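Working notes, beginning with the structure itself.
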Amino acid sequence: MSKKKGRISLQGFLVNILLKSLIRKTLFGKRYIPLATFLLLLQFEYETGAVLGRARRDKLDILKIMLSIQGLNFDNVIKDMQEAGKIQLDNFIKEHGDEPKTFSDFIYWPSWERATGLTLDDLFKPLGWETLGRTRKRLSNIIQKKLGSKVPFEQAQPEIGGFLLGGLGFGSTFPDLTVKMFKNVYNKKNEEELWSISKTLGFSTPEDLSRIIGLSTPEGYPPTLREKEKLILGTVALYTSQYYPELLDPLDLRGHLSFIENL
């Protein structure tokens, strides 16, 4: 029988693993995360959902049992998320003329633009004879001003969890595109520039998140699809063993427990 006492949803478990290490407090004790970290987590957890959805796309009816929350009907949530992913991808292709190259293109930068009112063109467009040093200073000032704002914990947690569910729908619907988007991340340059500035200013970067979850990555890059899948399936196996042990074998997760236990 499942352990119901103190049980939380799978998406809540996966989100809280990161949030508990990144959460900050105001002088009055209110919990928050900087907007910079919040936007990064939207992408990070969407990727997490996409990897999980791709890896267990043939077992979604079993997996959704662990997404259930008291008072909320999850019977159609995965189908709704899959449909939402199709619509989001169609809209992206209509706007940009092609599929997204990475999850940064698909999730992070659209979220950045909504939050800051700026675009990548605004950030990297040359300003006259601006030197590289002046460009970096200008970008630093923008990042400090825009991304230093506080997102209350009570707002951040459910929104990040929602992005994880969105990724689950996307990865289970577009498994091949998910693989391509992970492979392409090593060819991106703009992210490296902004992540470098963010790190200098003390904001969380993909490298920081990778370190927090126990993955050492070369030259600060986010983990590969293979690395992330091993970690996610191991973490889901740990959650399942604690709250839904009867689902370990139906979800083919028992063999992944050893990976997470040896981290």
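One table, with the values for the structure above:
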read-out: For the range 229-241, 3J(HN,Hα) per residue [Karplus equation, 6.51 cos²θ - 1.76 cosθ + 1.60, θ = phi - 60°, Hz, x = Gly/Pro]; value: 4, 4, 5, 5, 5, x, 5, 5, 4, 4, 4, 5, 5
read-out: Exceeding the 25 Å Cα-Cα cut-off - candidates Lys20/Lys230; Lys94/Lys137; Lys25/Lys146; value: Lys94/Lys137
read-out: Length gained when the stretch Leu118-Arg254 is fully extended (0.36 nm per residue, less Cα-Cα span); value: 44.4 nm
read-out: In nm, spacing of pseudo-spin labels at Gln155 and Lys79 (7 Å Cα→C-beta vector); value: 3.4
read-out: Nonlocal amide H pairs with Val151, under 5 Å, H built at 1.01 Å; value: Ile33, Leu35
read-out: The range 26-115: C-alpha gyration tensor shape, a/c 1.5 cut-off, then a/b vs b/c; value: oblate
read-out: Length released on extending from Lys145 to Ile8, taking residue separation times 0.36 nm less the Cα-Cα span; value: 45.7 nm
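Bear in mind these aren't lab numbers, they're just calculated from the coordinates by the rules spelled out. Owing to the predicted nature of the structure, the values given are computational and were not obtained by experimental measurement. Because the Cβ atoms are built from the backbone with ideal geometry, glycine has one as well, and the counts that use them run over all protein chains shown.
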